[in-house]
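S.K.: I have a structure I would like to understand better, so I am pasting it below and will then ask my questions one at a time.
What follows draws every value from the coordinates through simple rules; no lab data is involved. Since the structure is predicted, the reported quantities are computational estimates derived from the model, not experimental observations. Virtual Cβ from ideal backbone geometry, glycine too; neighbours counted across all protein chains shown.
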């Protein structure tokens, strides 16, 4: 386990496979939500998972984080088979997920939210009887994380008062506080206006330095601008994979997901 104050970062073998699935399958009473999906995510990249509604993207994320057990197949993380692990075991390995719906404490300040996340690394998450002064050693790291996501001026603001896009930035800060080796971002720009989408897109680009990100995202303008590799799912199966320039021209992808080339270029959802 890294020091709770260490910088997040990938190891020197950038470009190696950090996580892969082999023939991953999930059935729900006869309905196949994920169908023989084999995907490799390279260390240090932003890897986007796209596809129409019902393509199996969220189910795939739930399999990776062990909220669902697979019907068949394997999940390999850093060369180890983690298919049968529990969610807590997987999280301790450094696979940290940010959910579609903002998962922060609304009535705490921005700083307090980040400190709570930092406490998990110290093993003091539930030491509510400790004096607040004992947590002061976390302040410097919390402020560092807030600066990384552009929230240093909001440290003492109640989270409930933050605009939606800033709340998502705070959620990314709390995710970074857990020092993820692999960040899973689930629809990070969903429900945002154009200005917030741009801000969060640049934030993801910034925090991806020396980190690995696997993201589910509908906004094609976001995906095209920051993703190194794109995997397209349709009806639970991999339809295509590669850089945006290749995937966006794949005939089956255009038909199944993007509609028309013009729509895709405009960032159609």
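S.K.: Kindly state, to the nearest 0.05, the FRET efficiency for residue 29 paired with residue 210, given R0 = 45 Å and r defined as their beta-carbon distance.
M.R.: Computed FRET efficiency for residue 29 and residue 210 comes out at 0.55.
S.K.: Which of 76, 172 comes first, and how do the rest follow, when ranked by fewest Cβ neighbours within 10 Å?
M.R.: Least to most surrounded, the residues fall as 76, 172.
S.K.: Relative to a virtual label point 7 Å from the Cα of residue 195 in the Cα→beta-carbon direction, which members of the range 202-219 show backbone nitrogen distances below 17 Å?
M.R.: Only 202-203 fall inside the zone, counting backbone N under 17 Å.
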